[in-house]
1. Using only Cα atoms, figure out Rg for the stretch 148-224 and give it as a multiple of 2.2 N^0.38 Å.
2. Rolling a 1.4 angstrom probe over the protein heavy atoms, how many square angstrom per residue are accessible across the stretch 271-320?
3. Of all the Cα-Cα pairs you can form in the stretch 94-185, what percent are over 15 Å apart?
4. Can you pull the one-decimal nm distance between simple spin-label points at ALA148 and MET224, each 7 Å off the Cα toward Cβ?
5. So how much accessible area does LYS319 have, in Å² to the nearest 10, using a 1.4 Å probe?
6. Leaving out ligands, DNA and RNA, and with a 1.4 Å probe, what % of the accessible surface on the stretch 268-320 is carbon or sulfur?
7. Using the Cα centre of the stretch 170-282 as the reference point, and only Cβ charges (+1 on K/R, -1 on D/E), how large is the resulting charge dipole? Debye, rounded to the nearest 20.
Amino acid sequence: MNWTATSCIQKPLLLHPLFKHLKLSYGMSDLVKQSFLRPALQRTYSTHTLSFLPKTKTHSMCRLSIPCASYSSDTKNINSSNIDHVAETDEYDKKRTHFGFQTVLEDEKVDKVYEVFKNVADKYDLMNDVMSAGIHRLWKDELIRHLAPHGDMKLLDMAGGTGDIAFRYLNYSNSTQSAGADYREVTVCDINEHMLKVGEQRAAQQGITRGINWLHANAECLPMEDNSYDAYTIAFGIRNCTHIEKVLSEAYRVLKPGGRFLCLEFSQVRNSLLRELYDQYSFQVIPVMGHVIAQDWHSYQYLVESIRKFPNQASFYCKL
C-alpha cells in the first residue's frame, strides 16, 4: 500500500495505446480515454467489431478456452492410454496463475476467488472498517472527489458489489446537482451475486430507489456496448481478476471518448520499516480478525496474500 503521492501529476503514457494520460494521487490511477488509436489499430472508432485482444472462444463464464491436444484422424488408433496421455498433456498445457501464494489453473482461480467473496460478503464492510480502522472510507471519499461527477455522467463501478463507491457517487451527485438536471446513473457490476445482494440490501436500507442498477457480470467480458460510460471505477478489485489486461481492455472498450478510468488499489510500501510493520500486521493480525469476526481465516489470508502478488506501482503502470 502506497499513499506517498501528495499531488496529482499528469504525464503522457507511451507504453500502452489504450490510455494516453495518467494521474496518480493517493494510490489512485485516473486515466482519460483518447479518441485515437495507434497506427496498427486505425479503424473506425465507433465500430463494434474492434478488438484489442486476439479473439478466443469462450464459454458462459467468459474464461479462456484451452485448445485440446490434436488427435489422429484414425480414431481406431486411440486407446485408453492415448486418451490418458492427451488428458495429462491438456491439463499441463493449461495456463497457471496465482491465488494468493498458491499456483493454480486459471479456471480454478476464478472459482476460488468466487468462494472467497461468497464467504466474506455478509461481513465485508464490517471487516473493511476493522482492518483499516475506517481509513478505507477516506480513500473512497477521495476517489469520488477526484472523479467530481458532473452533468448527466454515467458511471460503471466494477467489482463494486456492496455499493460503497456507488452510494458515494449518488450522494455527491445529489449534493451538487441543480434542480431539474438529468439524474446521474451508476451501474454496479460484480461477478459475485452474493456481494451484489448485500449491496441491494444496503440500498434498500438507505432508501435509494433510483439512479442505480445492479449487474452480475465478469469484468473480463462485459455485456455492454462500446462507448457506453463516461467513467469507470474499480476499488480494491482488480487484483482479484485473473487477466488484468483483459479487464483494462474491456474498461477502454465501454468508455466513451474522453471517459475516465479510476482505479483504487493496494500496492507496495517503499519504506522498509513501514513495510515490515505492515507485513506483520497483515499476516499476524488480519487473518485472526477474519477468524474472530467472520469465522473465516483462509479468505482473509488470501486477501492479504493477493496484495503481495499484485504488480508493484511501476509494473502496473506498464500494463496501462
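1. Rg over 2.2 N^0.38 Å, computed on Cα atoms: 1.08.
2. I get 54 Å² per residue for this part.
3. Tail of P(r) above 15 Å: 70 percent of Cα pairs.
4. According to this spin-label approximation, the distance is 2.2 nm.
5. My reading of the accessible area for LYS319 is about 60 Å².
6. After summing per-atom areas, the C and S share lands at 60 percent.
7. Approximately 260 debye in magnitude.
The values are calculated or read from the model by the stated rules, or taken from the named source; none is laboratory data. Small disclaimer: the values here were computed from a predicted structure and weren't measured. Note that each Cβ is placed from the backbone with ideal geometry, even for glycine, and that neighbours are counted across all protein chains shown. The accessibility values were calculated without ligands, DNA or RNA, using every heavy atom of the protein model including side chains. Shrake-Rupley method; radii C 1.70, N 1.55, O 1.52, S 1.80 Å.
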